[in-house]
1. If you take the beta carbon distance between Asp91 and Glu119 as r and set R0 to 22 Å, what does 1/(1 + (r/R0)^6) give as a FRET efficiency, to the nearest 0.05?
2. Determine the relative contact order of the range 10-92: mean sequence separation of Cα pairs under 8 Å and six or more apart, normalised by residue count, in whole percent.
3. Could I have the simple spin-label model distance between Asp23 and Arg127, label points 7 Å from Cα toward Cβ, reported in nm to one decimal?
4. What's the extension gain from Asp54 to Ala146 if we count 0.36 nm per residue and subtract their Cα-Cα distance?
5. Can you sort Ser43, Ser126 from fewest to most other Cβ atoms within 10 Å of each residue's own Cβ?
6. What dipole magnitude, in Debye to the nearest 20, does the range 117-191 give about its Cα centre under +1 on Lys/Arg Cβ and -1 on Asp/Glu Cβ?
7. Do you know the relative contact order of the chain, to the nearest whole percent, from alpha carbon pairs under 8 angstrom that are 6+ apart?
8. Per residue, what volume in Å³ does the convex hull of the Cα atoms of the chain enclose?
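What follows draws every value from the coordinates through simple rules; no lab data is involved. What you see is a predicted model, and the numbers here were worked out from it, not measured in a lab. Positions of Cβ are generated from backbone atoms using ideal geometry, with glycine treated the same way; all protein chains shown enter the neighbour counts.
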Amino acid sequence: MSTKQPRLTPLGVMVLALLREGDMHPYEMVRLLKTRRDDRMVSVTNGTLYHTVDRLNQHELVAEVGVDRDGNRPERTTYTLTDAGRDAVVDWVRAELPQNDRPAQFRVALAEAHNLEREETIELLSRRRDALAADLEGHRNGLRDAAGRGVQDQFMVEVDRQADLIEVDLRWTERLLQRLADPAYLWGMEAALAAKHPRRSETKDSK
């Protein structure tokens, strides 16, 4: 097997994050991702997920731990998360969370940010907040400059929209940082499990 670290896709990260909750087979991964509506963030099909799991297995980020058969259904291979896979989730989230120019990756990083410690999450999101503030200032300055040069508004509507979207994102990020600064705000996978909020069991009856 190859030990070279692969370039993780958002779906790959979500698969690794699922396995932090416990061993499971790809069929259950698909079911959970769709039940939780995580397919809002990444495209989830049986083909893409099985391909992703196979690639993760080749790179030793996951490992096979058993094969079972339910009646006449095909055999299902159960996978577990390796130490390398656990580290890969954290490294990927750590790299993507402070970014403000890759919205698709950021959504997944934010969804999995609970895999980081509270203090590090605050630090990374603070970096993103500062980047958003600088980006917003650049857009607003560009709009003022265009207006001063007599550029018609019809040519600037996209820039105006983007400025408003950045402003909303910035306000939301500041509110999240305020919540994270409160020690009473529950944060982290272990804390959530200790508070008896398991994610896998919540969807068992929806099968």
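1. Working: r = 17 Å, r/R0 = 0.78.
Computed FRET efficiency for Asp91 and Glu119: 0.80.
2. 38
3. 3.6
4. Working: separation 92, 0.36 × 92 = 33.12 nm, distance 5.14 nm.
Once the chain is fully extended between Asp54 and Ala146, it gains 28.0 nm.
5. Details: Ser43 9, Ser126 15.
Placing the least packed residue first, the sequence is Ser43, Ser126.
6. Numbers: 11 positive and 17 negative charges, 45 e Å.
Computed charge dipole of the range 117-191: roughly 220 debye.
7. Numbers: 204 pairs, mean separation 40.5, N = 207.
RCO, the chain: 20 percent.
8. Dividing the Cα hull volume of the chain by its residues yields 156 Å³.
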